[in-house]
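Please read the structure below before turning to the comments.
The values are calculated or read from the model by the stated rules, or taken from the named source; none is laboratory data. Values in this document were obtained by computation on a predicted structure and should not be read as measured data. Note that each Cβ is placed from the backbone with ideal geometry, even for glycine, and that neighbours are counted across all protein chains shown.
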Amino acid sequence: MFARLLILLYAIVSYAVFLASFLYALGFFSNSLVPKSIDAGGPTNLSEAIIVDLLLLGIFAIQHSIMARPIFKQWWAKILPVPCQRSTYVLLSSLILLLLFWQWRPIPTLLWKIDGIAGWLLIGVYWLGWLLVLASTFMIDHFDLSGLRQAFFALRGAEAPGQAFRTPLLYKIVRHPLMLGFLLAFWATPEMTAGHMLFAIMITIYILVGLQFEERDLIAQFGTTYQQYRQRVPMLLPRIFGRSQAGASR
């Protein structure tokens, strides 16, 4: 019983760190509410800023990519209890994000500045992106994604059942509304600097490449069901015009 309580405590601590990193991200990318943001920091030369920022993004991408792969999960299960795996993934991801926020080197060269109604519209799109991110996690299972569900099942001495394939709400419009939300949040800004652009470009490349691996894993897990879902629903960009009536009938 003591071990089960430790697993639950570990999951709660991991979730608290995740929550702190998520809340800080809201201010970091909007240059508001936090002491250090993507465009705020001490002076540094351009080459140093680019190298450090790319290294930070690389650490984040490598950790996310490796730990999300089924082969790593199978190896990991030999040394770490299964109920702790998701919490550990969340904890390490959150700590790396906090490291990125702390060590990020701004490149303040202004690429565009949009005032007036258009600027406020971009701010609205920014917050809409974060709302999509949060809402998407609850549409699937927020507490499973954060590792808390697995810990609560472990406390009861049971194994968390596998997740069935579902396509609720936004998942009927695009296959990855979570990633769409991130892209909106990272690109929608009335003041785009070179440093912010560097982050947005690199994270967009990472998301597009990472989704290919994720979809391959989903096909391996759900087979024909997911392949049919891919044919019906676009990956990131909603269809503005529906299919023809004949196409829908077919």
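The conditions of being loosely packed, with under 13 Cβ neighbours inside 10 Å and modelled with pLDDT under 90 are not met by Arg232. Taking Leu122 as the residue in question, decide whether it is surrounded by 15 or more Cβ atoms within 10 Å (Cβ to Cβ), of a type in the set (A, V, I, L, M, F, W, C) and within 21 Å of the chain's Cα centre (by Cα). It is true that Leu122 is surrounded by 15 or more Cβ atoms within 10 Å (Cβ to Cβ), of a type in the set (A, V, I, L, M, F, W, C) and within 21 Å of the chain's Cα centre (by Cα).
Against the numbered list (1) of a type outside the set (A, V, I, L, M); (2) outside any loop (DSSP other than H, G, I, E, B); (3) surrounded by 19 or more Cβ atoms within 10 Å (Cβ to Cβ), Pro106 comes up short only at (2).
Scanning for something of a type outside the set (S, T, N, Q), within 30 Å of Glu159 (Cα to Cα) and touching a residue at least 24 places away in the same chain (Cβ under 8 Å), does segment 46-55 turn up at least one residue?
The answer is no, given that none of the residues of segment 46-55 is of a type outside the set (S, T, N, Q), within 30 Å of Glu159 (Cα to Cα) and touching a residue at least 24 places away in the same chain (Cβ under 8 Å).
Among the residues of segment 208-223, the one identified as more than 17 Å from Tyr171 (Cα to Cα) and either touching an Asp or Glu at 6+ places or on another chain (Cβ under 6 Å) or among the β-branched types (Val, Ile, Thr) (or both) is Val209. Could you check, for segment 59-67, whether at least one of its residues is in contact with a Ser or Thr (Cβ under 9 Å, 6 or more places away or on another chain), modelled with pLDDT of 90 or more and either over 19 Å from Phe182 (Cα atoms) or β-branched (Val, Ile, Thr) (or both)? For segment 59-67, residues in contact with a Ser or Thr (Cβ under 9 Å, 6 or more places away or on another chain), modelled with pLDDT of 90 or more and either over 19 Å from Phe182 (Cα atoms) or β-branched (Val, Ile, Thr) (or both): absent. Of the residues making up segment 7-37, those that are hydroxyl-bearing (Ser, Thr, Tyr), in a helix (DSSP H, G or I) and surrounded by 19 or more Cβ atoms within 10 Å (Cβ to Cβ) are Ser14, Tyr15, Ser21, Tyr24. The residue list Leu57, Leu121 contains one member that is assigned to a helix (DSSP H, G or I), of a type outside the set (Gly, Ala, Ser) and touching a helix residue (DSSP H, G or I) at 6+ places or on another chain (Cβ under 7 Å), which is Leu57.
Checked against the criterion of being loosely packed, with under 13 Cβ neighbours inside 10 Å, within 21 Å of Ile240 (Cα to Cα) and not small (Gly, Ala, Ser), segment 149-168 has at least one qualifying residue. Checked against the criterion of being within 30 Å of Lys36 (Cβ to Cβ), under 15 Å from the mean Cα position of the chain (by Cα) and buried (at least 19 other Cβ atoms within 10 Å of the Cβ), segment 189-202 has at least one qualifying residue. Residue count for segment 143-164 satisfying the condition of being under 17 Å from Arg175 (Cα atoms) and not small (Gly, Ala, Ser): 2.
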